[in-house]
Amino acid sequence: MGALARLKAEMKTILIFEPQSGGHRANFIRWISEASPEYSNCRLVCFTADNVEASVARKIASAGRWTKQMLLYRLFRQACREYAPDHALILELTHLELPLALFGSPVPLSAILFVQYPELPRGLKFFYKHWKTRMLLWRAPVQNLFLLNGEKSCRYLTKWFEGAQTRFVAIPDPAPETAVEGGFSLRDYFNIPAERKIFLFFGSISRRKGADVLLKALRKIGSDVAAQGAFVFCGAPEPAYQHDFQQACGQLRSFRSDVMLCVEENFISDERMMAFFEQSDVVLMPYTRPEYSSGILALSAKAGKPVLGPKGGLLGRLIREHGLGKTTVITPGALAEAVAELIPEDPVKQRTFAECSRLDVFAEIILNTVCNDS
């Protein structure tokens, strides 16, 4: 065996599995791949949306929850057969968690666990998530579970699953290190007068992120608040919510013509995204599922903009502990009142949070953990 062949045989092949487009996970792949040359003992191979046949992608997009999970699980097994990896890194465990818990994995794996159920109140949902995680760790050879901004959840999971051969590792939810698009003016783009404060809702537009609650809140705000603000929605609506979102926007415009509503549903570059954050005044995060982390926090902190987010869960705790803005109960009435109030911010804490959310820190923690597994 030649030296090159022997080196390849000794290298650890890691499959990065992310077959769905959208969200910021495409950036996750890019950042991890760019950092990988520092880890000469590992070879990365990627299975992304580009590897999925168009007909299969359409089935996944339109399928119900269980069917979608099984289609993604079949794709995962297909990728493992095709690449024969030593280890798999799943960037979004949510849709594969139950199939892996029931049927196991053909290879050892690591994954990013988005739903941090230790942050949930004790109830039926919490205990279902706990059972599912226990089954997952028992059935599938899970070596590492990464949690975004998940220091607290990692402590709990390490204690609860003390006998499991799984490491629970907190990683930052990173923001891209991108310059603002020069010459772009958010106010000119939407014709927003200089005296109006810009409230930005950014990212995938869905009920989970509270877009429907926010639109209802905007019907309740006082006329003086409406005259002082402009409300910008930027992101692609989730397919199941797109029709309802567009209908709700039309109803708001008819019901409250004094509310300035600006909507951008098209994809925008990272450079323009940063311009949206830099040129807004407040970032709105009325998430109804606060047990998820969100890269929006790091983007807002990097731009020095306060956020308005949920009172509970991981997001509420991060906002309060890091001085990132204001929290409130996510109801139309409470949101309507909150947008009228001055939102506190702590620039020093914001800069510290943004520094900890660097993408190189994110990539290095993952690669250090996965490539150096014994």
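Annotations for the structure displayed:
- The candidates Ser105, Ser204, Ser40, Ser300, arranged from most to least accessible area with a 1.4 Å probe in the full protein assembly, appear as Ser40, Ser204, Ser105, Ser300.
- For the range 7-111, the set of GluC sites (Glu not before Pro) satisfying both a DSSP loop assignment and a count of at most 16 other C-beta atoms within 10 Å is given as Glu53.
- Rounded to 10°, Cα long-axis angle of helix 25-35 versus longest principal axis of the chain: 50 degrees
- Taking amide H as placed 1.01 Å from N in the peptide plane, Glu264 has its amide H under 5 Å from the amide H of Phe233, Cys234, Gly235, each at least 5 places away in sequence or on another chain.
- Equivalent ellipsoid, the range 256-327 (semi-axes from 5 times Cα gyration tensor eigenvalues, Å): 22, 16, 12
- Equivalent ellipsoid semi-axes - Cα gyration tensor, the range 207-344, angstrom: 21, 18, 16
- Applying Stokes-Einstein at 10 °C and 1.306 mPa s to the Kirkwood radius of the chain, computed over alpha-carbon pairs, gives a translational diffusion coefficient of 72 µm² s⁻¹.
- Selection from Val329, Gly312, Pro141, by position along the positive dipole direction of the chain (Cβ): Pro141
- Long-range amide H partners of Ala175 with built H, under 5 Å: Leu359
- Within the range 277-374, GluC sites (Glu not before Pro) in DSSP loop having at most 12 other beta-carbon neighbours inside 10 Å: Glu341
- Taking only the Cα atoms of the range 302-367, the radius of gyration and Dmax are 13.8, 45 Å.
- Choice from Ala111, Ala248, Ala363 with maximal GNM fluctuation in the chain (Cα, 10 Å cutoff): Ala248
- For the range 165-170, backbone phi angles converted through the Karplus equation (6.51, -1.76, 1.60; θ = phi - 60°) give residue-by-residue couplings of 8, 10, 9, 9, 10, 7 Hz, Gly and Pro being listed as x.
- Mean Cα-pair separation over length for the range 75-114, i.e. relative contact order, pairs under 8 Å, 6 or more apart, %: 54 percent
- Along principal axes, Cα extents of the range 135-240, largest first, whole Å: 59, 36, 27
- If a spin label sat at a point 7 angstrom from the Cα of Glu53 along the line to its beta carbon, the backbone N atoms of the range 60-77 nearer than 20 Å would be those of 60-64, 67-77.
- Karplus (6.51, -1.76, 1.60) ³J(HN,Hα), θ = phi - 60°, over the range 262-270, in Hz, Gly and Pro reported as x: 10, 10, 10, 9, 8, 5, 10, 5, 4
- For the chain, taking a cut-off of 4.7 Å between Cβ atoms, the unpaired cysteines are Cys46, Cys80, Cys154, Cys234, Cys249, Cys262, Cys356.
- Antiparallel %, DSSP beta bridges [both residues in the chain], to 5: 0 percent
- When the helices of the chain are scored as -39500 (n - 2.57) per DSSP H run of n ≥ 4 and the total is divided over every residue, the value at 222 nm lands at -14000 deg cm²/dmol.
- For the range 243-374, size of Cβ-based charge dipole, Lys and Arg +1, Asp and Glu -1, in debye: 340 debye
- Taking all Cα pairs closer than 8 Å and separated by 6 or more residues, the relative contact order of the chain comes to 16 percent.
- Cα centroid of the range 15-78 to Cα centroid of the range 170-232, whole Å: 30 Å
- Per-residue ³J(HN,Hα) for the range 194-211, Karplus 6.51 cos²θ - 1.76 cosθ + 1.60, θ = phi - 60°, Hz, x for Gly and Pro: 4, 7, 8, 7, 9, 9, 10, 10, 10, x, 4, 8, 8, 5, 4, 8, x, 4
- Each Lys and Arg adds +1 at its Cβ and each Asp and Glu adds -1 at its Cβ; summed about the Cα centre, the chain shows a dipole of about 1420 debye.
- Per-residue SASA remark: His322, around 60 Å² accessible (1.4 Å probe; ligands, DNA and RNA not included).
The values are calculated or read from the model by the stated rules, or taken from the named source; none is laboratory data. If you're wondering where the values come from, they're calculated on a predicted model, not measured in any experiment. With ideal geometry, Cβ positions are generated from the backbone for all residues, glycine too; neighbour counts draw on all protein chains shown. Accessible surface areas use protein heavy atoms only, side chains included; no ligands, DNA or RNA. Shrake-Rupley method; radii C 1.70, N 1.55, O 1.52, S 1.80 Å.
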